[in-house]
1. When you check I93 against the structure, is it at pLDDT below 95, farther than 22 Å from A180 by Cβ, out of contact with any Gly (no Cβ under 6 Å at 6 or more places or on another chain) and of a type in the set (A, V, I, L, M, F, W, C), yes or no?
2. If N115 satisfies every condition in (1) at pLDDT 95 or above; (2) touching a Lys or Arg at 6+ places or on another chain (Cβ under 9 Å); (3) polar (S, T, N, Q) but one, which is the exception?
3. Pick from region 169-189 the residues that are assigned to a loop (DSSP other than H, G, I, E, B) and at pLDDT 95 or above: which of them is surrounded by the fewest Cβ atoms within 10 Å (Cβ to Cβ)?
4. Just a yes or no: is a residue in region 77-84 free of Cβ contacts under 8 Å to residues at least 40 places away in the same chain and at positive phi?
5. Anything in region 92-127 that is under 21 Å from M50 (Cα atoms) and either in a loop (DSSP other than H, G, I, E, B) or without any contact (Cβ under 8 Å) to a residue 60 or more places away in the chain (or both)? List them, or say none.
6. Among the residues of region 117-175, what is the count of those that are of a type in the set (D, E, K, R) and under 25 Å from E6 (Cβ atoms)?
7. Determine whether region 108-117 contains at least one residue that is surrounded by 16 or more Cβ atoms within 10 Å (Cβ to Cβ) and under 17 Å from the mean Cα position of the chain (by Cα).
8. Would you confirm, using the coordinates I've provided, whether G69 is crowded, with 20+ Cβ neighbours inside 10 Å, of a type in the set (G, A, S) and either modelled with pLDDT under 95 or more than 29 Å from G134 (Cβ to Cβ) (or both)?
Amino acid sequence: MPEVAEIKIALADITPEIWRRVVVPAVISLAGLHTVIQAAMGWEDSHLHMFMVNGRRYGTPEDDDWDRGNDQLDDADHCLGDLVVAGDRFLYIYDFGDDWRHEVTVETLRPLGKNETVPAILAGENACPPEDCGGPFQYPGMLEALRDPDHEDHEHYRDWIGAFDAEAFDLDLANKRLRAHAFPLRSGH
């Protein structure tokens with residue numbers, strides 16, 4: 001029976017914590033895990049990303065210079081189950097300008113359950129920050145401006161973002177986003 005990994009993804013440097021718990025096939029490539037994280041968190045996949053696992057960097061080749069002096073490995077060539085064991089932690093970094101650091105914890109590696117479909121998002125809390133909002137150190141100021149109609153940047157953020165509920169998380173919507181991008185694996189028995 002195929003093995004799966006249950007992982008927790010939490011944005012670093014954000015309070016209250018923004019997190020998701022997902023289950024993925026252990027054989028998923030890091031490139032595939034990138035797609036899962038994008039869907040689970042609610043990102044738009046409009047920026048570069050990188051994984052830092054056991055002191056090694058993994059990412060997507062972007063140009064012809066990839067093979068010349070780059071110590072970053074191609075994330076499509078490496079599968080999660082070959083790199084980690086239960087209890088391991090690693091980083092997923094998205095948008096090098098805003099520097100969204102996701103702390104990923106491998107909570108368990110286990111056999112795929114009967115009639116279990118993976119990948120799947122199991123749980124989570126709080127909304128993903130809007131793209132290009134300035135990263136974890138500018139995000140609290142954006143929230144403050146949105147909450148205070150008298151704040152000098154209130155109208156700017158309302159015009160740009162619209163209504164934004166920082167405490168919202170819709171598990172069904174997150175799984176719909178995931179199903180739109182991923183090919184599920186289902187146990188047969």
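The values are calculated or read from the model by the stated rules, or taken from the named source; none is laboratory data. Just so you know, these numbers come straight off a predicted model, no measurement behind them. All Cβ positions, even for glycine, are placed from backbone atoms using ideal geometry, and neighbour counts span all protein chains on display.
1. Here the answer is no, as I93 does not meet what is asked.
2. With (1) at pLDDT 95 or above; (2) touching a Lys or Arg at 6+ places or on another chain (Cβ under 9 Å); (3) polar (S, T, N, Q) applied to N115, the lone miss is (1).
3. Looking at the filtered set, the residue picked out is D170.
4. No; the residues of region 77-84 include none that is free of Cβ contacts under 8 Å to residues at least 40 places away in the same chain and at positive phi.
5. I93, Y94, D95, F96, G97, D98, D99, P119 - these are the residues of region 92-127 that are under 21 Å from M50 (Cα atoms) and either in a loop (DSSP other than H, G, I, E, B) or without any contact (Cβ under 8 Å) to a residue 60 or more places away in the chain (or both).
6. Here the count works out to 4.
7. No, region 108-117 contains no residue that is surrounded by 16 or more Cβ atoms within 10 Å (Cβ to Cβ) and under 17 Å from the mean Cα position of the chain (by Cα).
8. Criteria not met by G69.
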